[in-house]
Amino acid sequence: MFLMVVVAIVLGTIFGALPGVSATMAVALGLTFTYTMGPVPAIVFLTAIYCSSITGGSITAILFKIPGVPSSAPTTFDGYPMAQRGEAGKALGVALFASAIGGLFSALVMFLLSAPLSKAALAFGQGDLFAITFLGLSILVVLDTEHILTTIISGLLGLLLACIGQDPMAGVARLTFGQTSLLSGMEMIPVLIGLFAVTEVLKQTNAKKRLSADDGVGKGKVSTKMPSPSEIWQIKWVMLRCAVVGTVVGILPGAGATIASFMCYTMENKLSKYPEKFGTGIIDGIAASETANNAATGGAMVPLLSLGIPGGNAAAVMASALALKGVQMGPLLLTNQPEYLSATFITMIITNILMVIVAIGIAKVFAQILAIPYYYLGPIILLLATIGSFSEGNFVGVSVMVIAGVAGIAIKYMHLNSAAIVLGLVLGGMCESHFARAFQTAHIVTHELTFGDIIAKVFGGLFGTPIAAVVMAACILMLLSPIYMPLIKKARKKN
């Protein structure tokens, strides 16, 4: 198991450092190695890839000003200017140290919070679970505040995909078009691999040139230098604040490492005694970004392990992998199989320590790896994607992957949001299932009641508990925020 974790760290760091390969895509590609594994080894392997891919993104962000993963984008603001001054080794050292601190902090929080949350969730009724799952869907309005309408449309497309299969209440086929292979619903893993891996490969085929060592700083020669005790003391509060905020943001379904990274970088810019230095090459900016995005990894695992709700896209891929292994996600997971929490916790601790050593070695040779022509890298990625989609010995998954990959190009050109589609697909089925069970437990007999009585009973049965009422109120406030927040901002400007 330890050797498998080491292999996963190496793969994850390389995947993360490759420009255009997101953490979600890294985890999706990692699925191809888990088909012969048991459920616990599978989650250990995928967790190690997830954590290390976030860290790997900082390598190209600092050396080439190209974030390997989207959450490393703020790292370029200060990392690349430091590299241009000849301090690339120092910038990499700060990034790796901050990544380890953020990851270790969030792993501890995950270990302490998951079990109590899971026990509390056992007391939840179906209406409460529906409200919590719906809260995850409500995150759609804050996924991309600049393009709210297209994000909501993307989420609705994801919900439409989630409707494919059998109706949970009536048991009739929906949107299957006579295909018996679709009766069990849309396979999530091929859709995820298609949207994130195949789409990126198709996009990269238009790239006119590959990166080479000469495009970076130091012409591919860099020696990582870990921060001194005085430098660590200088950024101690930055790392602590960003570790807390990053973990909390990671816990929120649909938020993820990218939002945490940008949020913490902006926060530290506002709190800093020398905000004018941000963007010119200071270690505070690197520490803020890398602590936050790595802290979000442990946060994303909290709702997955305790409530069965993925905290982000990569966690959604993990949930799909576990579901493929027959694992029943939800509050009962940690009660019946507590080994998942301990395995994930130990993996995150080991990964966040070992990935520092692995990343130091990879940083020395990675400029040369980037010089490999894409006509070699692209087919390798497509091969792994095809193997990952070829589940249960049929080509339906591969067909879905190809369709999703081509559709991903159209989605990009139409400015739709792939993450929102995935969120709708992953949470849509869970949301409908909880709603159906709550509807049935309310003992509503539609042919004996008037329409008004049915509405009253539905709302009473679904939202009659304090937990459901509070969560649904939060959902309504979040969904309406695009309407009232601009009005509040306008009122403040007038005053």
Step through the residues of the stretch 243-251 one at a time and calculate ³J(HN,Hα) from phi using the Karplus curve (6.51 cos²θ - 1.76 cosθ + 1.60, θ = phi - 60°), rounding each to whole Hz and writing x for Gly and Pro.
5, 5, 5, x, 5, 5, 5, x, 5
Rank-order 406-412, 288-294, 431-437, 52-58 by packing density, defined as the average count of other C-beta atoms within 10 Å over each peptide's residues, highest first.
288-294, 52-58, 431-437, 406-412
What are the residues whose amide H is under 5 Å from the amide H of ASN417, where those residues sit 5 or more places off or on another chain and H is modelled from the backbone?
SER154
Can you give the net charge of the other residues whose Cβ lies under 9 Å from the Cβ of LYS277, counting K and R as +1 and D and E as -1?
-3
Counted neighbours (other Cβ, 10 Å), sorted fewest up, put THR224, THR247 in the order THR224, THR247
Just grab the label-to-label distance for ALA436 and LYS277, each label 7 Å out from Cα along the Cβ direction, in nm (one decimal).
5.9
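Of LYS225/LYS364; LYS203/LYS412; LYS236/LYS273; LYS90/LYS270; LYS65/LYS364, which pairs sit farther than 18 Å apart, going by alpha carbon to alpha carbon?
Working: LYS225/LYS364 12 Å; LYS203/LYS412 10 Å; LYS236/LYS273 15 Å; LYS90/LYS270 24 Å; LYS65/LYS364 16 Å.
Among LYS225/LYS364; LYS203/LYS412; LYS236/LYS273; LYS90/LYS270; LYS65/LYS364, the Cα-Cα distance tops 18 Å for LYS90/LYS270.
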Fewest Cβ neighbours within 10 Å first, please rank CYS264, CYS475 accordingly.
CYS475, CYS264
Using modelled backbone amide H atoms (1.01 Å from N, in-plane), which distant-in-sequence or interchain residues come within less than 5 Å of GLY308's amide H?
GLY330
Mean Cβ-within-10 Å packing, highest first, puts peptides 238-245, 23-30 in the order 23-30, 238-245
Fewest to most neighbouring Cβ within 10 Å: what's the order for ILE232, ILE309, ILE286?
ILE232, ILE309, ILE286
Tell me, what is the FRET efficiency for LEU160 and ALA410 to the nearest 0.05, using R0 = 22 angstrom and their Cβ-Cβ distance as r?
0.90
Residue by residue through the stretch 474-489, what is 3J(HN,Hα) from phi via Karplus (6.51 cos²θ - 1.76 cosθ + 1.60, θ = phi - 60°)? Round to whole Hz and write x for glycine and proline.
5, 4, 5, 4, 5, 5, 8, 4, x, 8, 8, 5, x, 5, 5, 5
What are the ³J(HN,Hα) values, in whole Hz, obtained from phi via the Karplus relation 6.51 cos²θ - 1.76 cosθ + 1.60 with θ = phi - 60°, for each residue of the stretch 349-365 in sequence order, with x given for Gly and Pro?
5, 5, 4, 5, 8, 5, 5, 5, 5, 5, 5, 4, x, 5, 4, 5, 10
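Here, each number is a calculation from the coordinates, and none is a lab measurement. Computed from a predicted structure; not experimentally measured. Neighbour counts run over all protein chains shown; Cβ positions are idealised from the backbone, glycine included.
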